[in-house]
1. Sequence gap at least 6, Cα distance under 8 Å: using those rules, report the relative contact order of the chain to the nearest whole percent.
2. Restricting to lysines 8 or more places apart or on different chains, can you count the pairs in the chain with Cα atoms under 25 Å from each other?
3. Filter the GluC sites (Glu not before Pro) in region 19-61 to those in DSSP coil with at most 11 other Cβ atoms within 10 Å of their Cβ, and list the result.
4. What does the helix-only formula give at 222 nm for the chain: each DSSP H stretch with n ≥ 4 adding -39500 (n - 2.57), the total divided by the residues, and the result rounded to the nearest 500 deg cm²/dmol?
5. If Lys and Arg each add +1 and Asp and Glu each add -1, what is the summed charge of the other residues whose beta carbon sits under 10 Å from the beta carbon of Ser118?
6. ³J(HN,Hα) across region 43-56 via Karplus (A = 6.51, B = -1.76, C = 1.60, θ = phi - 60°), whole Hz, x for Gly/Pro?
7. Angle between the Cα long axis of helix 77-89 and the longest principal axis of the chain, 0 to 90 degrees, nearest 10?
8. Residues of region 98-131 with backbone nitrogen within less than 18 Å of a virtual label 7 Å along the Cα-to-Cβ line of Ala142, please, listed as ranges.
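Computed from the coordinates by the stated procedures, all read-outs in this text should not be read as laboratory data. Just so we're clear, the structure is a prediction, and the values are computed from it rather than from any experiment. For neighbour counting, all protein chains shown are included, and Cβ atoms are generated from backbone atoms with ideal geometry for every residue, glycine included.
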Amino acid sequence: MRYADGGGLTAEQRKRREGVRMRAVDLFEEGMKVPCIARELRVSEKSVYQWRRAGKTRGREALRSQGPPGYDCRLRPHLQARLAAWLDEGPAAHGWADDQVWTAARVRTLIGRKFHISYSVSGVTRLMHRMGYSVQMPARPAAERDEDAITAWREATWQEVKPSGRRPARSSASKTKRA
């Protein structure tokens, strides 16, 4: 996800932008011209014209911030707390005995079983990030890992399998002139 809250602006930034729009309305009421307002507020004239039109048709409230974009989370905070408690119990407590790893698909299944709410795997991933969980790497390498075999493979087999680089040949950077 590119932004922390999914929309690109924090609550503070949304409030600041709303303040700029409200200042523009005040300047309209004082009779200031659009180009002057745009220069004073350091915004485009197009934005000022749009704000003026919205203010005339729907009033000052039309320029208020609508809050963060997107849908509200289907799992309310109290349900997220219950989910976090179940995740802390581990996968074995909920029927996955083969290993102790929570995957997005397993969390999706758990949410479906417990809350009867359907999420996509990517939706579960975003939910887990909002709840403060992140993708985890193992704390230590696997016990089966053989460093000597890996080194031998890199030195011998990989050199045979590795594709060769670009063959040296006369060339020209020009598309129209041959070398």
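1. 14 percent
2. 6
3. Filter output for region 19-61: Glu30.
4. Result for the chain, helices only: -15500 deg cm²/dmol.
5. Its environment carries a net charge of +2.
6. 10, 7, 5, 4, 4, 5, 4, 5, 5, 5, 5, 5, x, 6
7. On a 0 to 90 degree scale, this one is about 10.
8. What the label zone holds, given the 18 Å backbone N cut-off, is 98-103.
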